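What follows is one structure encoded as structure tokens, with my remarks underneath.
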Amino acid sequence: MYSFAWRTYFSWKYLMRLIVLVAGLFLYAVGVVCLYRSNFGLGPWDVLHQGISFHTPLSFGTAGIVVGAILILGSLILKVYPGVGTISNMILIGVFEDMLLHISWLQYLGQVFWVWRLLLNVVGVIIVGLGTALYIAPRLGAGPRDGLMLRLHELTKLRVAIVRAGIEISVLIIGFLLGGTVGIGTLIFAFGVGPALEFSFALLKKLRLTEWLVPIVFPISVSEPAANEIQPSCH
């Protein structure tokens with residue numbers, strides 16, 4: 001029994017799953033920073049994180065970590081238990097975002113001609129989709145926001161898309177009232193991240209990465225119809 005546990009958690013394949021997870025979270029942060037620097041608008045959750053950072057001593061990334069921690073605590077009350085991926089998502093994305101936002105030359109991206117900033121926003125959405133696919137592929141746990149969303153879906157019996165829309169519209173309104181950036185980039189994220197995620201999953205499947213890491217992509221507890229409706233909730 002102990003030998004099996006050791007092989008499960010300290011095998012080379014498990015290490016590779018962790019590496020892919022961290023790579024996905026880093027790419028996700030890169031995509032969010034592209035959206036941030038474009039100044040055309042963020043995804044709903046990041047609008048909230050930015051708004052919080054405007055009114056507290058918290059940085060943008062730290063605000064995301066705090067929100068993630070609160071969501072995990074709320075999920076625990078609803079009997080949703082975090083995995084390695086959940087905790088990593090909560091901490092690492094915020095750490096990577098703050099690290100990237102402090103790189104001096106990246107700050108100039110927000111000062112270029114608007115056409116290039118709009119292109120930066122689109123590229124950011126594509127990178128968010130790829131990062132999301134990579135951190136989901138190892139199946140080490142849903143992000144704090146997705147875990148809560150799926151649990152509310154199970155409790156209310158409403159479609160995942162409806163639950164997700166309700167949560168993200170509420171979050172977006174609160175973030176906007178706090179001064180978070182909402183604009184055409186927010187719409188690009190809303191309509192573009194789903195196709196970007198689907199394309200990324202198809203790419204990973206073609207590369208047979210998901211088959212090599214784990215037999216299935218989505219958590220076992222998620223029904224297939226629900227899984228098909230999941231899009232990244234910006235973390």
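Values quoted throughout were computed directly from the atomic coordinates according to the rules given, and no laboratory measurement underlies them. Treat the numbers as computed from the prediction; the structure is a model and nothing was measured. Positions of Cβ are generated from backbone atoms using ideal geometry, with glycine treated the same way; all protein chains shown enter the neighbour counts.
Key figures for this structure:
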quantity: Those lysines that a straight Cα-Cα span of less than 26 Å connects to K206, excepting residues fewer than 8 apart in one chain; calculated: K13
quantity: Sequence ranges 165-175, 57-67, 141-151, ranked by mean other-Cβ count within 10 angstrom, highest first; calculated: 141-151, 57-67, 165-175
quantity: Burial ranking of peptide ranges 77-85, 121-129, 102-110 (average Cβ count within 10 Å, highest at the top); calculated: 121-129, 77-85, 102-110
quantity: Separation in nanometres of the label points that stand 7 Å from Cα toward Cβ, at E198 and Y108; calculated: 3.9
quantity: Rounded FRET efficiency, nearest 0.05, which uses the C-beta distance separating L158 from A69 and R0 of 22 Å; calculated: 0.30
quantity: Charge dipole (debye, nearest 20) of segment 1-126; +1 at Cβ of Lys and Arg, -1 at Cβ of Asp and Glu; calculated: 360
quantity: Gyration tensor verdict on segment 31-79 (Cα atoms; rounded if a/c is under 1.5, prolate if a/b is larger than b/c, oblate otherwise); calculated: prolate
quantity: Anisotropy class of segment 12-135 from Cα gyration tensor, a/c 1.5 cut; calculated: oblate
quantity: Cα gyration tensor category, rounded, prolate or oblate, for segment 141-206 with a/c compared to 1.5; calculated: oblate
